[in-house]
1. Is it true that some residue in region B:310-321 is under 22 Å from residue B:159 (Cα atoms), among the small types (Gly, Ala, Ser) and in the same structural domain as residue B:369 (by TED's automatic domain parsing)?
2. Being among the charged types (D, E, K, R), part of a strand (DSSP E or B) and at pLDDT 95 or above: is that true of residue A:170 here?
3. Quickly run through region A:94-108 and pick out the residues that are touching a residue at least 60 places away in the same chain (Cβ under 8 Å) and aliphatic (A, V, I, L, M).
4. If the requirement is being at pLDDT below 95 and either assigned by TED's automatic domain parsing to the domain that holds residue B:182 or in contact with a Lys or Arg (Cβ under 9 Å, 6 or more places away or on another chain) (or both), which of these qualifies: B:144, B:122?
5. Which one is nearest to the other protein chains (Cβ to nearest Cβ) among residues in region A:105-134 that are among the β-branched types (Val, Ile, Thr) and either touching a Ser or Thr at 6+ places or on another chain (Cβ under 6 Å) or crowded, with 16+ Cβ neighbours inside 10 Å (or both)?
6. Mind checking which strands (runs of 3 or more DSSP E) fall wholly inside region B:206-300 and carry at least 1 residues that are aliphatic (A, V, I, L, M) and farther than 19 Å from residue B:423 by Cβ?
7. Check region A:197-208 and report whether any residue there is farther than 30 Å from residue A:90 by Cβ, within 14 Å of chain B (Cβ to nearest Cβ) and modelled with pLDDT of 95 or more.
8. Scan region B:332-360 for residues that are within 14 Å of chain A (Cβ to nearest Cβ) and either closer than 23 Å to residue B:271 by Cα or assigned to a helix (DSSP H, G or I) (or both) and jot them down.
Protein chains: 2
Amino acid sequence: MKLNSYNSSYGDIAAAIEALKQLLGDKLVTNEIVRKQHGGGEVTYHKGQAPDGVAFAKSTEQVSEIVKICAKFNVPIIPYGAGSSLEGHVNALFGGISVDLSEMTEIVALHSEDLDVTVQAGLTRQDLNVYLRDTGLFFPIDPGAEATLAGMAATRASGTNAVRYGTMRENVINMTVVMPDGEIIKTGGRARKSSAGYDLARLMIGSEGTLGIITELTIRLYGIPEKILSAVCSFENTQKACEAVIMTIQSGIPIARIEFLDALQIKACNQYSKLDLKVKPTLFLEFHGSDVGCDEQVDMFKYIADEFGSDDFVAASTLEDRNKLWEARHNAYWAACDLAPGTSHLSTDVCVPISNFAQCVTETSQDILDSGLIGPIVGHAGDGNFHVLLSFDANSDADNKKVKHFLDRLAKRAQSYEGTCTGEHGIGIGKAKYMRAEHGKGLDIMFAVKQAIDPQNIMNPGKIFYG
Amino acid sequence: MKLNSYNSSYGDIAAAIEALKQLLGDKLVTNEIVRKQHGGGEVTYHKGQAPDGVAFAKSTEQVSEIVKICAKFNVPIIPYGAGSSLEGHVNALFGGISVDLSEMTEIVALHSEDLDVTVQAGLTRQDLNVYLRDTGLFFPIDPGAEATLAGMAATRASGTNAVRYGTMRENVINMTVVMPDGEIIKTGGRARKSSAGYDLARLMIGSEGTLGIITELTIRLYGIPEKILSAVCSFENTQKACEAVIMTIQSGIPIARIEFLDALQIKACNQYSKLDLKVKPTLFLEFHGSDVGCDEQVDMFKYIADEFGSDDFVAASTLEDRNKLWEARHNAYWAACDLAPGTSHLSTDVCVPISNFAQCVTETSQDILDSGLIGPIVGHAGDGNFHVLLSFDANSDADNKKVKHFLDRLAKRAQSYEGTCTGEHGIGIGKAKYMRAEHGKGLDIMFAVKQAIDPQNIMNPGKIFYG
């Protein structure tokens, strides 16, 4: 059977919208602007596909009611958080109802003693950290965008801190999920670990809304470190920078962030963020620890950097310098866009074992050159995860073709290095075509799970599986 | 539908055994001693149930052939590693074939640069660490038994180091799994993270052989810390000890082990391991780090212990003292058994959020007293996970009843504290009856997954789901 083809003939959308209007009143919106906003296409290179209606939900129970109506009328449901996903995750391929969770922003319960917090789906990671500011705690996972926490769980997001703190996979303790028939489940309790049956939380994390809608989640928090130090240093080439990364990880330095930026990205950052870094492959670093521990980490890293030929290690000693550095890192995408203003841009990602990172990055750089593309590389080197930020003319067939073929080669290159076609962006519609090569018959197992949990194929249909 | 009842009428076992004999020769064993050994009942309080035959496998491909034969003849398959699981996981409830993986002990590939190793299913954690001894690396997950690594994955095992290094959930990168139809899948690549589709590894981890047979796994390794310090200190009561644990975790001390032993367990350890510890609620601790970092952790912890009224903090300064201390901890079960020699023993576990740990342990201690049972308590306090080591007369109906009711109250107590009926032992047949209370409708989702992946219900039938 062709994957994803088990149901793409849906029911009476007009009747579903009518029923949803009765439930939600003016929180069921059908005007074109709002529908278009919810169909993707604004932040990604995938053309948007608007849903037929947008349902703004306020509670788990309301999401359940919405889902029951959609199930009854057999219409697609597309969960929507901040709309910041990059691979067409919110596109309404078959129309249907976008369920917008961005108004569900409550902090349900903070358990400082257990270092966890339960929040509603639509809270963003930034707003959570603002809320936590006076508690001495923080939530470390930081994808580039102002994503919602449920959206981050749904795409198994990570970011710059993952090398130390893990990804959403490691940091979700429990979730409330509305299943495709409207049933509300909890994936577990609040204990740090459990051996009681299948790991439903991990099954939902990364399922991209194809198995249910995450409406609440309990996530791990961490104490804000006593000391935070940032640093930057450059290397003669990518290989040397990567060897320094591997040695850092092997030495057990509990580094919080170790980010790789290639020479072109440094050039872009220098221009955009008014820095004067050497235009060479560079590592941005952050160390978390006690006063003594942090200094020790810095000393150990300095020694490693020196061993691999770096001679310009600079620690940012003031908060201002540190912020400037990391602001530049966080603005890498915009800096890259500025290299070719007026064009279209896209960010893609792959991830490989760190022993293959240098080789994969070096080959990718050469490929970008050979293709005549503009594409700086920036990566979470400690995880083997990197991004290419491409600028191109979306109105040029030649450019689109070049980009398409480059993305194809990149995904396959990563897979050939025992890696994955995406480390943190997810599959959506953009990378479904690489799933068979990556998972072989494992894809059929995923598909069997999908069919078992969502027999009507109403949960975000057309994503992950290639139809 | 009653869970687990979708198929318990199996096919022609004699024909299956005949076909397996043709495939395996004398590696298909049907003599009664070997069958009984493989039916559980030796290490657990569950009465053993022998399979009809035991197939000793040598490779993934051979496991696949075995499974295909069992699927063809519609007979149950029970994966078997070291047989050290505690909740009747290897019992052959419906007869069938025990697939023994203990001869699959190869190290397939060591990737020091990536801090990972790929091993065959039947390698034990101890043998892995012996192999790694000269590499400077180690694998930290340490359940009490000499378990196989695939068995540890199948039951989502953990142990004393989980507070720092996580459980099998966090430490498996990739697995090769033989599915119920004999197909061989890999759950992913070797990258540290991936957002490419459903998390098949995490789905298999903790599935207790009900979804497939894990034949190979790639797991994370860690650098052996520069310095390891052990320590012990006692507290006036359980509450104080637990408050010290919470404060330690909250302070971000990266403690490697923080084990709670109640007064009775200390008494048992004193007797069994010739120690002279104060007979009071006690913490056993281990600190991993650099030279400076380790000392700093000890200083911080000392301060906390002092704050909660402990006045006898002692660091084990020599390797000999350290080994003596941790040997005593590892022998806690045997020490507990020695409290009532000649009786039967069982170890059970539950896990709660650490803020509820003291209350749950205190109530459990009282319950043990009230029940007239002998049952010291020992726990991985940093995770909120604890064990009760019960001694009782298995030939006495009154004792069996007492134990049964106590276990029941314990599981429900943990659940009432937002915890789980098992933190690391798993469900097997012993705790299936608590699954509905713990997971509600989530159990139906698990069951839907089970049916989708194993429509014949031949993979370890009768486990996890209550029939």
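The values are calculated or read from the model by the stated rules, or taken from the named source; none is laboratory data. For clarity, every value in this text was computed on a predicted model and none was experimentally measured. With ideal geometry, Cβ positions are generated from the backbone for all residues, glycine too; neighbour counts draw on all protein chains shown.
1. The answer is yes, given that some residue of region B:310-321 is under 22 Å from residue B:159 (Cα atoms), among the small types (Gly, Ala, Ser) and in the same structural domain as residue B:369 (by TED's automatic domain parsing).
2. It is false that residue A:170 is among the charged types (D, E, K, R), part of a strand (DSSP E or B) and at pLDDT 95 or above.
3. A:97, A:99, A:101, A:104, A:108 - these are the residues of region A:94-108 that are touching a residue at least 60 places away in the same chain (Cβ under 8 Å) and aliphatic (A, V, I, L, M).
4. B:144
5. Within region A:105-134, the match that is nearest to the other protein chains (Cβ to nearest Cβ) is A:118.
6. By residue number, B:213-220, B:227-234, B:282-289.
7. Checked region A:197-208: at least one residue is farther than 30 Å from residue A:90 by Cβ, within 14 Å of chain B (Cβ to nearest Cβ) and modelled with pLDDT of 95 or more.
8. Scanning region B:332-360 gives B:347, B:348, B:354, B:355, B:356, B:357, B:358, B:359, B:360.
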